[in-house]
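**Student:** Here it is, the structure in full.
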Amino acid sequence: MCGIVAGLAQRDISKILIEGLHRLEYRGYDSAGVAVIDPGGELRRARAVGKVRALEEVLLDAPLSGAIGVAHTRWATHGRPAQHNAHPHLSNERVAVVHNGIIENHEALRDELEAAGYTFTSETDTEVVAHLVDRELRAGKALPEAVNAVTERLDGAFALAVMEKHSPDLLVGARQGSPLVVGVGIDEHFIASDPLALLPVTDRFIYLDEGDMVAITSAGIQVLERKAGGNALSPVEREVVRYEHSVEATGKGEYRHFMMKEIMEQPTVLSRTLADRLDPQGVRLDAFEVSRNSFLAAQTGAEKGKELVDTARLAALFTEVRQVQIIACGTSYHAGMVARYWLEEVAGLPTQIEVASEFRYRERVAAPGTLFITLSQSGETADTLAALRDIQKLNAEGPQAGRYLASLAICNVAGSSLVRESDLSLLTRAGPEIGVASTKAFTTQLVALMLTTLALRQSRGGNTSDGDDLLARQLLMRLKDLPHVVEQALALDGEIAQLAEKFMHRHHTLFLGRGSQYPIAMEGALKLKEISYIHAEAYAAGELKHGPLALIDEDMPVVAVAPMDDLMEKLKSNLQEVRARGGQLFVFADPEVSLKAGEGVHVVTVPGVCRYLAPIVYAVPLQLLSYHVAVLKGTDVDQPRNLAKSVTVE
């Protein structure tokens, strides 16, 4: 949440910073600001409330120029959206700081600085950083040492970019608990919270590790790490990684909104997620990658960056799995809920799924042989990442019986913290997702989870007595056909757009599903509330009589997902209960489901699909429904109020 972009070049940096802010606006859009050191050596700043275009209007009247600068787009945590709370924050017209994250001990630091004579002009936690750096500089420290001394005093999560006017050839970044990357150019280098911000100027990046600092000058880039047991800095080599997606991949193309573009990309990205990962024998285990920091690295020969894990070792590891623990947040949590059904029924593994923000704050007992799976689109979700680090600490300190077997990250971003810090990873290959409401990242997560389920099944010998695993072979065939089925589901767009008109003036909606479709109902409700601001909630359809039925009347639309499965007749009974009380039904149904449209009953026929993969297909029409309702209501589809794409703070 919030976006940082900063740079040092041999040319005017201001236009690069503004373009970077536009590309980061999905991370925050309450306010935006930029600061540069101008050719005369003075620190200049401009800020505006609202989106980046408001800042551009300010700059039209009072342009800024300089070869070094920092910029920020904000999602408010401390202090309301207002110009005086917008970043960058300054100290004594000398230091400029932009910050992502939360400084938990900012109140004590503010009291200390006010007692020392510093005056605060904002309610933010960030301003203490600017004043602390200024105080360290006044004590005679150089900027990297000053920033290092300040970070030692900060509690919480942060990514920082700092400059000061007496060092116009030096830009410093620091990362602790919040992502930060370095963009490597030719005679110019950059810092950002996401590579997307910098794709117009470079496709080569250094992903800073936890605790790293970076000092950028015209002479080059120096990454610094703290030595164990102290706060002294020492140079360290970090790999330069080429970004795999083009600049065009981050644009809207012919679409009005990123969300619709990303919905329509799903057949392509699902094909990409499956590509080179299936063979006649099943899931290729070399699709899973091992981290160089993993305990598996020494056993598999992985030494430089991400290397393909030895498949025999991985098969042996999967054979040891006795149960699965899934941790995720938001949409990723819904994907994990679907996977629980698959892992238990297809792989025969007891599975638990928990919200990361709850898991990390309770006492836990790890059963022997537990595979720890984390799900995150960005790989920087604060609570999910913290949960991973908690279990790693438990593994390092606890008895062998209390250890988790291994950690597996299912993620969309190869260089993310979650991928680099997990033992194993399986990338979803969804490509950049800019819309705040996740669509293609969700369905590719589901495909990756099915691949994981099948890999675990085949490593455990399947569930058939004769060795001829019919179910696995059928699922492999269905997976290969899945992108085509999703393409057919997308052809429902026109019909769903018309249906959306019936939701325009509604204030509440109830979503129903059974079995593995219950999490899809939850995801549909989340999408509708996220972007249309209609209150929506989901229930397992069998729970209607335990409370939600009291809400049913002619003003409460009820959306149901109805694939052809063993629970179909049960679901029909639940839907009849709704109609008997005047509820308006909107049913997304399999062609073989005998439901007739009529008064108060609207039926959308979804392409036929096997029951295991039905959650992936049925998610698509619910995405289209939420999109068209939001467009009709005139809300900001890609950047809904109060939300940001990447949740990097608690």
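What follows is calculated from the coordinates using simple rules that are stated; it is not laboratory data. Keep in mind that what you see is a predicted model, and the values were worked out from it rather than measured. Note that we place each Cβ from the backbone using ideal geometry, even for glycine, and neighbour counts take in every protein chain shown.
**Student:** Relative to the longest principal axis of the chain, what angle (0 to 90°, nearest 10) does the C-alpha long axis of helix 614-633 take?
**Tutor:** That works out to roughly 60 degrees.
**Student:** Using a simple charge model, +1 on the beta-carbon of Lys and Arg, -1 on the beta-carbon of Asp and Glu, nothing else, what dipole does the range 251-485 show about its Cα centre, in debye to the nearest 20? Mind showing how you got there, number by number?
**Tutor:** On the way: 26 positive and 27 negative charges, 55 e Å.
Taking the Cα centre of the range 251-485 as origin, the dipole is about 260 debye.
**Student:** What is the Cα centroid distance between the range 506-569 and the range 9-49, reported in whole angstrom?
**Tutor:** Between the Cα centre of the range 506-569 and that of the range 9-49, the gap is 44 Å.
**Student:** How high is the relative contact order of the chain, given as a whole-number percent (alpha carbon pairs under 8 Å, six or more residues apart)? Show your work: numbers first, answer last.
**Tutor:** On the way: 1445 pairs, mean separation 74.6, N = 650.
Relative contact order comes out at 11 percent.
**Student:** Right, next: Need one number: convex hull volume per residue for the range 3-243, Cα atoms only, in Å³.
**Tutor:** On the way: hull volume 27.0 nm³, N = 241.
That works out to 112 Å³ per residue.
**Student:** Return one number: the angle in degrees, 0 to 90 and rounded to the nearest 10, between the long axis of the Cα atoms of helix 440-459 and the longest principal axis of the Cα atoms of the chain.
**Tutor:** So the helix axis and the longest Cα principal axis differ by about 70 degrees.
**Student:** If the label point is 7 Å along Cα→Cβ of Q10, which residues in the range 168-205 have backbone nitrogen under 13 Å from it?
**Tutor:** Correct set: 185-189.
**Student:** Loop-only GluC sites (Glu not before Pro) in the range 550-599, please: DSSP not H, G, I, E or B, and at most 16 other Cβ atoms within 10 Å.
**Tutor:** Numbers: sites: E554, E569, E577, E592, E599; in loops: E554, E592, E599.
When the GluC sites (Glu not before Pro) of the range 550-599 are filtered for loop state and at most 16 Cβ neighbours within 10 Å, E554, E592, E599 remain.
**Student:** What are the equivalent ellipsoid semi-axes of the range 429-519, built from the alpha-carbon gyration tensor (square roots of five times its eigenvalues), in whole angstrom, biggest first? Write down the numbers at each step before the final one.
**Tutor:** Values: eigenvalues 231, 52, 42 Å².
Those come to 34, 16, 14 Å.
**Student:** Among DSSP beta bridges whose residues both lie in the chain, state the antiparallel percentage, nearest 5. Let's see the in-between values first.
**Tutor:** Numbers: 69 of 110 bridges.
DSSP beta bridges in the chain are roughly 65 percent antiparallel.
**Student:** For H628, what charge total do you get from the other residues with a beta carbon under 9 Å from its beta carbon, if Lys and Arg give +1 and Asp and Glu give -1? Walk me through the intermediate numbers first.
**Tutor:** On the way: positive: none; negative: D493, E501.
Charge balance in the 9 Å sphere: -2.
**Student:** Near R429, within a Cβ-to-Cβ distance under 12 Å, what is the net charge of the other residues, with Lys and Arg +1 and Asp and Glu -1? Can you show the working numbers first?
**Tutor:** On the way: positive: R272, R277, K440; negative: E244, E265, D276, E433.
So the surrounding residues net to -1.
**Student:** If I fit a long axis through the Cα atoms of helix 52-61 and take the longest principal axis of the Cα atoms of the chain, what angle between them do I get, 0 to 90°, rounded to 10?
**Tutor:** Helix 52-61 and the main axis of the chain meet at about 30 degrees.
**Student:** May I pose another question? In the chain, with Lys and Arg counted as +1 and Asp and Glu as -1 at Cβ, which of these residues, V201, G220, V36, has the Cα nearest the positive end of the dipole, that is, farthest along it?
**Tutor:** V201
**Student:** K596 label point, 7 Å along Cα→Cβ, cut-off 20 Å on backbone N: hits in the range 530-565?
**Tutor:** 562
**Student:** Now a separate question. Is the range 548-626 rounded, prolate or oblate when judged by the Cα gyration tensor, a ≥ b ≥ c being the square roots of its eigenvalues, rounded requiring a/c under 1.5 and prolate requiring a/b larger than b/c? Before the final figure, lay out each step's value.
**Tutor:** Working: a/c = 1.91, a/b = 1.56, b/c = 1.22.
It is prolate, given that a/c is not under 1.5 and a/b is the larger ratio.
**Student:** Right, here's the next one. Summing +1 for each Lys or Arg and -1 for each Asp or Glu, what net charge is found among the other residues whose Cβ lies under 12 Å from the Cβ of K480? The partial results should precede the final answer.
**Tutor:** On the way: positive: R277, R473, R478; negative: D279, D481.
Summing Lys and Arg as +1 and Asp and Glu as -1 gives +1.
**Student:** Under the 0.36 nm per residue contour assumption, what length would be gained going from the current alpha-carbon distance of R473 and R80 to full extension? Write out the running numbers ahead of the final one.
**Tutor:** Working: separation 393, 0.36 × 393 = 141.48 nm, distance 5.56 nm.
Here the segment from R473 to R80 would lengthen by 135.9 nm.
**Student:** Tell me what the chain gives for mean residue ellipticity at 222 nm when only DSSP H runs of n ≥ 4 count, each as -39,500 (n - 2.57), the sum divided by the residue total, rounded to 500 deg cm²/dmol. Could you put the intermediate results ahead of the total?
**Tutor:** On the way: 19 runs with 219 residues, N = 650.
Value at 222 nm, helices only, nearest 500: -10500 deg cm²/dmol.
**Student:** To continue, here is another question. About the Cα centre, and with charges only on the beta carbon of Lys, Arg (+1) and Asp, Glu (-1), how big is the dipole of the chain? Nearest 20 debye, please. Write down the numbers at each step before the final one.
**Tutor:** Numbers: 65 positive and 85 negative charges, 101 e Å.
Here the size comes out at about 480 debye.
**Student:** Right, another one. Rank Y539, S626, V559 by how far each Cα sits towards the positive end of the charge dipole of the range 493-633 (+1 on Lys, Arg Cβ; -1 on Asp, Glu Cβ) and give me just the farthest.
**Tutor:** Most positive-ward Cα: Y539.
**Student:** Compute the relative contact order of the range 493-633 as a whole-number percentage, counting only Cα pairs closer than 8 Å that sit 6 or more residues apart in sequence.
**Tutor:** Values: 254 pairs, mean separation 43.4, N = 141.
With pairs under 8 Å counted, the relative contact order is 31 percent.
**Student:** Among rounded, prolate and oblate, which fits the range 251-485 when a ≥ b ≥ c are the square roots of the eigenvalues of its C-alpha gyration tensor, a/c under 1.5 means rounded, and a/b larger than b/c means prolate? Please list the in-between numbers first.
**Tutor:** Working: a/c = 1.55, a/b = 1.16, b/c = 1.34.
It comes out oblate by the Cα gyration axes.
**Student:** Considering just Cα atoms, how many Å³ per residue does the convex hull of the chain enclose? Walk me through the numbers before you get to the answer.
**Tutor:** Working: hull volume 105.1 nm³, N = 650.
About 162 Å³ per residue, rounded to a whole number.
**Student:** Using the per-residue mean of other Cβ atoms lying within 10 Å as a proxy for protection, in what order, highest first, do the peptides 73-84, 191-202 fall? Don't skip to the end; give the middle numbers.
**Tutor:** Values: 73-84: 18.6, 191-202: 25.2.
Those peptides, ordered most packed to least, come out 191-202, 73-84.
**Student:** Considering the dipole of the range 251-485 built from charges on the beta carbon (Lys and Arg +1, Asp and Glu -1) around the Cα centre, which of A441, L375, Y341 is farthest to its positive end?
**Tutor:** Most positive-ward Cα: A441.
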